[in-house]
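The values are calculated or read from the model by the stated rules, or taken from the named source; none is laboratory data. Please read these numbers as outputs of a predicted model, since none were measured by experiment. Quick reminder, even Gly has a Cβ in these numbers, built from the backbone with ideal geometry, and neighbours come from all protein chains shown. Calculation scope for accessible area: heavy atoms of the full protein, side chains included, ligands and nucleic acids excluded. Shrake-Rupley method; radii C 1.70, N 1.55, O 1.52, S 1.80 Å.
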Amino acid sequence: MNHWFESDSQDADNKLLGADEKLRVDLNGLKHFARLFSYDARFYYGHDAQSTNPLGFITAAKAIFGKHRVVTKPMQKVRHHLTDDELPKNTRSLRRDNEGIYVHIPKCNFDVEMTIDAIRLMPQYDTLALFSSDADFVSLARHLTRNGKKVILIKGGNITSGLRKEVTKVINAQDIKRHIAQKQRPGTRPGLANR
């Protein structure tokens with residue numbers, strides 16, 4: 001979700017961010033916001049197994065959401081060969097093979113895990129709030145609404161018309177950033193903004 005705010009130059013109060021500041025999702029704020037309309041909040045997180053401290057963030061997420069409410073798995077590195085247009089804009093480490101120049105893009109989908117949980121827990125809720133704009137959730141949203149559930153989609157950026165058609169309500173992340181995002185100051189761990 002941090003990418004929802006990566007191009008923001010202002011905070012929720014329209015104050016300019018410092019040159020070394022970024023908006024990052026604050027886990028405490030995210031949990032508090034989710035709990036405004038839900039008795040249960042689950043957190044799905046893909047971690048980089050090669051990171052220097054992947055367990056620190058996961059431990060913090062489990063302390064905030066509850067250890068049985070956090071689902072994790074390692075990210076995969078997908079090889080993406082760059083086009084001539086992409087090369088000048090690239091900020092990732094370049095690699096080369098027989099097919100040309102490529103970068104590794106981290107990828108970690110939780111579509112299956114989230115869908116299984118949403119269907120398995122259907123008798124326990126009337127509304128599902130999904131913090132994602134992934135078009136892969138069209139079938140899940142359709143299934144839930146056809147079975148009498150409401151689906152609230154909290155999204156950053158654009159969504160497909162197919163997904164928009166299947167959900168009950170769409171909320172833009174920019175409209176709630178004061179609740180779920182904080183400035184990341186130098187030396188602050190991402191996702192755990194100072195409060």
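Exactly one residue out of Ser38, Ser93 is free of Cβ contacts under 8 Å to residues at least 12 places away in the same chain and either of a type in the set (S, T, N, Q) or touching a Lys or Arg at 6+ places or on another chain (Cβ under 6 Å) (or both): that is Ser93.
Quick check: is even one residue across region 154-161 surrounded by 13 or more Cβ atoms within 10 Å (Cβ to Cβ), over 25 Å from Lys62 (Cα atoms), modelled with pLDDT under 95 and of a type outside the set (S, T, N, Q)? Yes, that holds for at least one residue. Reported count of residues in region 79-130, each being basic (Lys, Arg) and either in a strand (DSSP E or B) or within 20 Å of the chain's Cα centre (by Cα) (or both), is 4.
Does Ser132 satisfy the condition of being without any contact (Cβ under 8 Å) to a residue 24 or more places away in the chain, among the hydroxyl-bearing types (Ser, Thr, Tyr) and more than 22 Å from Tyr39 (Cα to Cα)? Break it down into steps so the answer makes sense when it comes.
Values: without any contact (Cβ under 8 Å) to a residue 24 or more places away in the chain: yes; among the hydroxyl-bearing types (Ser, Thr, Tyr): yes; more than 22 Å from Tyr39 (Cα to Cα): no.
When the stated conditions are applied, Ser132 does not pass them.
Reported count of residues in region 131-149, each being surrounded by 15 or more Cβ atoms within 10 Å (Cβ to Cβ) and either in a strand (DSSP E or B) or hydrophobic (A, V, I, L, M, F, W, C) (or both), is 6.
Hey, any hits in region 20-29 for a residue that's over 20 Å from Lys107 (Cα atoms), without any contact (Cβ under 8 Å) to a residue 40 or more places away in the chain and not in a strand (DSSP E or B)? Checked region 20-29: no residue is over 20 Å from Lys107 (Cα atoms), without any contact (Cβ under 8 Å) to a residue 40 or more places away in the chain and not in a strand (DSSP E or B).
Test Ile64 against the stated conditions and say whether it is open to solvent by less than 60 Å² (accessible area, probe 1.4 Å), at pLDDT below 90 and not in a strand (DSSP E or B). Don't jump to the end; show me each part of the working.
Values: open to solvent by less than 60 Å² (accessible area, probe 1.4 Å): yes; at pLDDT below 90: no; not in a strand (DSSP E or B): yes.
The answer is no for Ile64.
Name the one entry in Asp84, Asp117, Asp126 that is acidic (Asp, Glu) and open to solvent by less than 90 Å² (accessible area, probe 1.4 Å). Criteria check complete, one pass: Asp117. Restricting attention to region 32-61 and to residues that are open to solvent by 70 Å² or more (accessible area, probe 1.4 Å) and over 23 Å from Lys107 (Cβ atoms), the residue that is modelled with the lowest pLDDT turns out to be Phe37.
Looking for something in contact (Cβ under 8 Å) with a residue 24 or more places away in the chain and in a strand (DSSP E or B) - is there at least one such residue anywhere in region 3-14?
No: zero hits.
Hey, can you tell me all the residues within region 154-179 that are outside any helix (DSSP H, G or I), without any contact (Cβ under 8 Å) to a residue 40 or more places away in the chain and over 20 Å from Gly29 (Cα atoms)? Residues satisfying the conditions are Asn158, Ile159, Thr160, Val167, Lys169. In the set (1) loosely packed, with under 13 Cβ neighbours inside 10 Å; (2) touching a residue at least 12 places away in the same chain (Cβ under 8 Å); (3) not hydrophobic (A, V, I, L, M, F, W, C), the condition left unmet by Asn98 is number (2).
If I ask for residues that are of a type in the set (Lys, Arg) and surrounded by 14 or more Cβ atoms within 10 Å (Cβ to Cβ), which ones from region 1-31 would you list? Those that are of a type in the set (Lys, Arg) and surrounded by 14 or more Cβ atoms within 10 Å (Cβ to Cβ): Lys22, Arg24, Lys31.
Can you say whether Val112 is open to solvent by 50 Å² or more (accessible area, probe 1.4 Å), among the β-branched types (Val, Ile, Thr) and without any contact (Cβ under 8 Å) to a residue 24 or more places away in the chain, as far as the supplied structure shows?
On the way: open to solvent by 50 Å² or more (accessible area, probe 1.4 Å): yes; among the β-branched types (Val, Ile, Thr): yes; without any contact (Cβ under 8 Å) to a residue 24 or more places away in the chain: yes.
The answer is yes for Val112.
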